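The values are calculated or read from the model by the stated rules, or taken from the named source; none is laboratory data. Because the structure is a prediction, the values reported are computed rather than measured. Methodologically, a virtual Cβ is constructed for each residue, glycine included, from the backbone with ideal geometry; neighbour enumeration extends over all protein chains shown. Each accessible area value is taken on the protein alone, full model and side chains, heavy atoms only, with ligands, DNA and RNA left out. Shrake-Rupley method; radii C 1.70, N 1.55, O 1.52, S 1.80 Å.
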Amino acid sequence: MTKPTYIVASPFKTGTSSIAKALVLLGAGCAPMPYRGDVLADIGPSVQQAHWLVRPNMSFDAFRARHGDEIRAAFTGLLAVCDGFDIFHDAPIGHSHLHPFILKTLMPRARLIWVKRPKAGWLESVRKWEVAHPDVYPHHAKWHTDKDDMVAQKIRRRMVARRGFAAFRRACPDDAVVLDWADLGHFDRLANFCGRKAPDEPFPHCNRS
């Protein structure tokens, strides 16, 4: 996929839907891809295999040189599904399902956004969202039976994803931005990253839990 794209790569419940709508209002993109959990399920084995290729301390240039053709071949079907969209804020491309090195290999003009939400508020929002959507999160009952384990899992996964984003940011500093949670109260930081003028309207907020 050679067109410019924006990917909100932080975990869910970090304002990803709000960022997608803000990108449209800024004119940075025009077509957010909706949630496709079925596609994420289909590519699950390929995602796991691809993540094993990103070795510790491996540079992005080395990853792309060694595995670029392999990655593109493995995700040809995924790119076909994504054709027609230029903003990705939900599964399968958005959130932290795919390592940023894989995303940048598939979409060379992709620009990635990470939202740094305080841990306590993020965990509570995740808990409420999963419990309210049992059809999507079959493990939701563990929030009642083994909350400590659920919290540990969520924190561990977020740390892994954050390390991946940090590696991408070092490799492609012009194509990555980290927004503070407070930055979702206005357009300034996001508009600056996109090279766009902030609109004269409030920053959108979606999917509050």
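Here is a yes/no grid of residues against (1) of a type in the set (A, V, I, L, M); (2) out of contact with any Lys or Arg (no Cβ under 9 Å at 6 or more places or on another chain); (3) touching a residue at least 60 places away in the same chain (Cβ under 8 Å); (4) under 21 Å from Thr5 (Cβ atoms):
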| position | (1), (2), (3), (4) |
| --- | --- |
| Asp188 | no, yes, no, no |
| Ala191 | yes, no, yes, yes |
| Glu201 | no, yes, yes, no |
| Pro204 | no, no, yes, yes |
(Q) Could you go through the range 91-98 and let me know if any residue there is of a type in the set (Ser, Thr, Tyr), modelled with pLDDT under 95 and either closer than 25 Å to Ile19 by Cβ or touching a strand residue (DSSP E or B) at 6+ places or on another chain (Cβ under 7 Å) (or both). (A) yes
Q | Out of Ile102, Ile87, sole residue that is at pLDDT 95 or above, of a type in the set (Val, Ile, Thr) and in contact with a strand residue (DSSP E or B) (Cβ under 8 Å, 6 or more places away or on another chain) | A | Ile87
Q. Just for helices (runs of 4 or more DSSP H) wholly inside the range 23-111: which have at least 1 residues that are of a type in the set (Ser, Thr, Tyr)?
A. 37-53, 76-82, 100-106
Q | Count - residues of the range 105-124 that are open to solvent by 10 Å² or more (accessible area, probe 1.4 Å) and in contact (Cβ under 8 Å) with a residue 40 or more places away in the chain | A | 8
Q: Could you pull out every one of the helices (runs of 4 or more DSSP H) wholly within the range 129-209 that has 3 or more residues that are surrounded by 13 or more Cβ atoms within 10 Å (Cβ to Cβ)?
A: 147-171, 188-194
**Q.** the range 131-169, residues that are under 30 Å from Asp61 (Cβ atoms) and among the small types (Gly, Ala, Ser)
**A.** Ala161, Gly164, Ala166, Ala167
Q: Check Phe75, Phe101, Phe85, Phe63 and return the single one that is open to solvent by 40 Å² or more (accessible area, probe 1.4 Å), of a type in the set (Phe, Trp, Tyr) and either within 30 Å of Cys206 (Cα to Cα) or in contact (Cβ under 8 Å) with a residue 24 or more places away in the chain (or both).
A: Phe85
